[in-house]
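**Q** Below is one structure. I have some questions about it.
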Amino acid sequence: MATQCYDPENSASHYTFLPDQPDSGHRKSLKIISGIFLSVFLLLSVAFFPILNNQSPDLQIDSRSPAPPSRGVSQGVSDKTFRDVAGASHVSYAWSNAMLSWQRTAYHFQPQKNWMNDPNGPLYHKGWYHLFYQYNPDSAIWGNITWGHAVSKDLIHWLYLPFAMVPDQWYDINGVWTGSATILPDGQIMMLYTGDTDDYVQVQNLAYPANLSDPLLLDWVKYKGNPVLVPPPGIAVKDFRDPTTAWTGPQNGQWLLTIGSKIGKTGIALVYETSNFTSFKLLDGVLHAVPGTGMWECVDFYPVSTKKTNGLDTSYNGPGVKHVLKASLDDNKQDHYAIGTYDLTKNKWTPDNPELDCGIGLRLDYGKYYASKTFYDPKKQRRVLWGWIGETDSESADLQKGWASVQSIPRTVLYDKKTGTHLLQWPVEEIESLRVGDPIVKQVDLQPGSIELLRVDSAAELDIEVSFEVDKVALQGIIEADHVGFSCSTSGGAASRGILGPFGVIVIADQTLSELTPVYFYISKGADGRAETHFCADQTRSSEAPGVGKQVYGSSVPVLDGEKHSMRLLVDHSIVESFAQGGRTVITSRIYPTKAVNGAARLFVFNNATGASVTASVKIWSLESANIRSFPLQDL
């Protein structure tokens, strides 16, 4: 029997997923589903697209090919090789050059070619924002880590500069790894970074600008007395990395900084004091420790105001201030944070809520996002967050396209005064300079099980803002428990229907919806009748290619009384950054479609709930490309 495909562009009416399905929060068995005219509806809904068991002619399997080797593990850092959930690393796909070219982003920062990972030492100096980053100048896979360097006037348009530092000394010959910048009161810049020595020992080194009056900071000097820190007793030589920006201590001229490590399975943040950045003393105890969280990488520690809406310098402390502790967990490649109180005299940080402690509670981003780092922007008095967004395809595909990884759009970070438990992350305002013309504004009434095409010039480069108003009668009238214990990652994605969800936006879909990535809310109710909202991104049908990440990401998100369910999506080809409720919960997705490319991408809003109608208020801006190119040094 021929399979029918829904064509929303040529449909005369709104498409209804399952018009005759009763209002039930439980999924029907496959046997019952198959009885509802399977030949008609099998491909007609986002909820029930089939999973094809036959192999595509483009699928290539070579059982003799070994899995790609681990990248970085032998040197004491997390594996930089993506392995899909099935472990089928020997499965590849015959990507066309057109598909691979489409994957490259238009307005996210990435080098011209080759591998990139952690953002390093971001700072603002003499009118320029500086970004340094882990870079392999030789290949699109991890190795030979060097510090790339780029500058920008607005955090959006970037100019590549020559490498800032290369692995050329015994103390960093196996890699110039992650580091942070500290700007002293007299304007001096101290750049501390981790070096991997000739014996694979992780040590901390100092570098500084050769010419502080140079706005571009083109030349860097490595301190002749490096390394300035080596692993202390009790800390393994491969568990000592990623120094933070320093902050002022309680004594005059004293500076403090923290470095991530572990003891057994307990993640810890060591604290050192210094007065000159060349000699250091390890303080007693630790800033904080959380059992069971493993190695802490890329620790970040900074203050946030509980009263104002501006960012704070790293050294700021006093009334109306909380401190954020963030750690990148080597064991699961997730960035976790917690909000708490810092006692500067005792050098101790305490979480406000032990159940939301660092590593066991909230995450900065519930998608593909790691090794993040913030800096204080004195120009606009804000704290800006960067994050590394890796690939979730195969190494062979990365080598074919010649590049791997991008940086997130820089985000401002604020304390969420309404919840008191969350941070608010939001794209820097400069991204709005890429908006083209007036937005498309539309209000769409979505009945249970419906979808509507949103016509845009190009669905691959968008800034989308949507608020959803759920039918109050349905929301308040439902008293029975619905999907108790719901979790985005185990829910089955947007195909899992409930009385009050899912509803949201479908991005990077092809015309027939054979490839699609829904980003959505799902409201579940517990036995006590309380509603809990979840924010999810479903990649399970984002691509027909095998060997790419197809997880369902997400988490719960607080939706307070009087708030509508709101989301903002930045769509940029193979990356989608999604922000819920003003940035309380954020998800970054990497997607690799085979059909929804080169003008074929479509955008939809949908409501796949069974018992509630939803009104969507939509604003859509097309975005132009950022100007990212080499700096014209010959013009200096």
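**Q** Share of antiparallel DSSP beta bridges in the chain, in percent to the nearest 5?
**A** Once the DSSP bridges in the chain are tallied, antiparallel ones form about 95 percent.
**Q** Compute the separation of the alpha-carbon centres of region 549-564 and region 335-399 and state it in Å as a whole number.
**A** Each part reduced to its Cα centre gives a spacing of 18 Å.
**Q** Please list, in order along region 397-409, the HN-Hα scalar couplings obtained from phi with the Karplus expression 6.51 cos²θ - 1.76 cosθ + 1.60 (θ = phi - 60°), rounded to whole Hz, x for Gly and Pro.
**A** 5, 5, 5, 5, 7, x, 7, 7, 5, 9, 9, 5, 5
**Q** If you plug each phi of region 589-602 into the Karplus form 6.51 cos²θ - 1.76 cosθ + 1.60 with θ = phi - 60°, what whole-Hz ³J(HN,Hα) values come out, in order, with x for Gly and Pro?
**A** 10, 10, 9, 9, x, 10, 10, 7, 10, 6, x, 8, 5, 10
**Q** Taking the Cα-to-Cβ direction at Lys265 and at Lys380 and moving 7 Å from each Cα, how far apart do the two end points lie in nm?
**A** 4.3
**Q** What does the C-alpha gyration tensor say about the overall shape of region 346-396? Classify as rounded when a/c is under 1.5, otherwise prolate if a/b is larger than b/c, or oblate.
**A** Oblate, because a/c is 1.5 or more while a/b does not exceed b/c.
**Q** For region 446-527, just say rounded, prolate or oblate: build the C-alpha gyration tensor, square-root its eigenvalues into a ≥ b ≥ c, call rounded for a/c under 1.5, and beyond that prolate if a/b exceeds b/c, oblate if not.
**A** Note, shape of region 446-527 comes out prolate.
**Q** In addition: What's the lysine pair count for region 98-255 at a Cα cut-off below 25 Å, pairs eight or more apart or interchain?
**A** Details: Lys113/Lys153; Lys126/Lys153; Lys126/Lys222; Lys222/Lys238; Lys224/Lys238.
So the count works out to 5.
**Q** Same structure, new question: Could you give the nm distance between label points at Thr419 and Trp170, where each point is 7 Å from its Cα heading toward the beta carbon?
**A** With each label point 7 Å from Cα toward Cβ, the separation is 5.0 nm.
**Q** Another question, if that's okay. Could you tell me what percent of the accessible area of region 263-401 is made up of carbon and sulfur, with a 1.4 Å probe and every protein chain present?
**A** With neighbouring chains kept in place, the figure for region 263-401 is 50 percent.
**Q** Counting alpha carbon pairs within less than 8 Å and at least 6 residues apart, what relative contact order, in whole percent, applies to region 369-522?
**A** 11
**Q** Using a Förster radius of 41 Å, what is the FRET efficiency between Ala98 and Ser617 based on their Cβ-Cβ separation? Nearest 0.05, please. Could you put the intermediate results ahead of the total?
**A** On the way: r = 36 Å, r/R0 = 0.87.
Computed FRET efficiency for Ala98 and Ser617: 0.70.
**Q** Under 18 Å from the Cα of Lys348, which lysines turn up, not counting those fewer than eight places away in the same chain?
**A** Result set, ordered by chain and number: Lys262, Lys281, Lys322, Lys326.
**Q** Here's another thing I want to ask about it. Going 7 Å from the Cα of Val230 along its beta-carbon direction, which residues of region 172-200 have the amide nitrogen within less than 17 Å of the resulting point?
**A** 172-174, 194-200
**Q** To continue, here is another question. With the Cα gyration tensor of region 100-248 giving a ≥ b ≥ c as the square roots of its eigenvalues, does the rule (a/c under 1.5 for rounded; else a/b larger than b/c for prolate; else oblate) give rounded, prolate or oblate?
**A** Note, shape of region 100-248 comes out oblate.
**Q** Once the Cα gyration tensor of region 493-602 is diagonalised, what are the square roots of 5 times its eigenvalues, in whole Å and ordered largest first, as equivalent ellipsoid semi-axes?
**A** Here the semi-axes work out to 27, 14, 11 Å.
**Q** Could you work out [θ]222 nm for the chain from helices alone, using -39500 (n - 2.57) per DSSP H run of at least four and dividing by all its residues? Round to the nearest 500 deg cm²/dmol.
**A** -1000 deg cm²/dmol
**Q** So, one more: I need to check one value: relative contact order of the chain, counting alpha carbon pairs closer than 8 Å and at least 6 residues apart, in percent.
**A** 15
**Q** Under a 1.4 angstrom probe, counting protein chains only, how are Lys262, Lys113, Lys418 ranked by accessible area, largest first?
**A** The residues order as Lys418, Lys113, Lys262, largest area first.
**Q** Could I ask something else about it? Taking amide hydrogens as modeled 1.01 Å from N in the peptide plane, which residues meet the under 5 Å criterion relative to Ser315, leaving out close sequence neighbours?
**A** Thr248
**Q** Now, a different point. Arg629: accessible area at probe 1.4 Å, nearest 10 Å²?
**A** Arg629 exposes around 110 Å² with every protein chain in place.
**Q** Note the full-extension length gain between Leu636 and Gln254 as 0.36 nm times their separation in residues minus their Cα-Cα distance, in nm to one decimal.
**A** The Leu636-Gln254 span can extend by a further 133.7 nm.
**Q** Let me ask something else. Probe 1.4 Å, all protein chains in place: accessible area of His336 in Å², nearest 10?
**A** 10
**Q** Let me ask something else about it. Around Trp142, which amide H atoms from residues at least 5 apart in sequence, or from another chain, sit under 5 Å from its own amide H, with H modelled in the peptide plane?
**A** Residues meeting the amide H criterion: none.
**Q** While we're on this one: Checking the table Lys595/Lys619; Lys373/Lys418; Lys80/Lys550 against a 23 Å threshold on Cα-Cα, which pairs fail?
**A** Where the Cα-Cα span goes over 23 Å, the pairs concerned are Lys595/Lys619; Lys373/Lys418.
**Q** Of all accessible surface on region 161-229 at a 1.4 Å probe, what whole percent is carbon and sulfur? Numbers along the way, then the final one.
**A** On the way: 1410 of 2650 Å².
Carbon and sulfur together cover 53 percent of it.
**Q** Keeping all protein chains in place, calculate the accessible area per residue for the chain (probe 1.4 angstrom), answer in Å².
**A** I get 39 Å² per residue for this part.
The values are calculated or read from the model by the stated rules, or taken from the named source; none is laboratory data. What you see is a predicted model; the values in this text were computed from it and never measured. Note that we place each Cβ from the backbone using ideal geometry, even for glycine, and neighbour counts take in every protein chain shown. Surface accessibility is based on the protein's heavy atoms, side chains included, excluding ligands, DNA and RNA. Shrake-Rupley method; radii C 1.70, N 1.55, O 1.52, S 1.80 Å.
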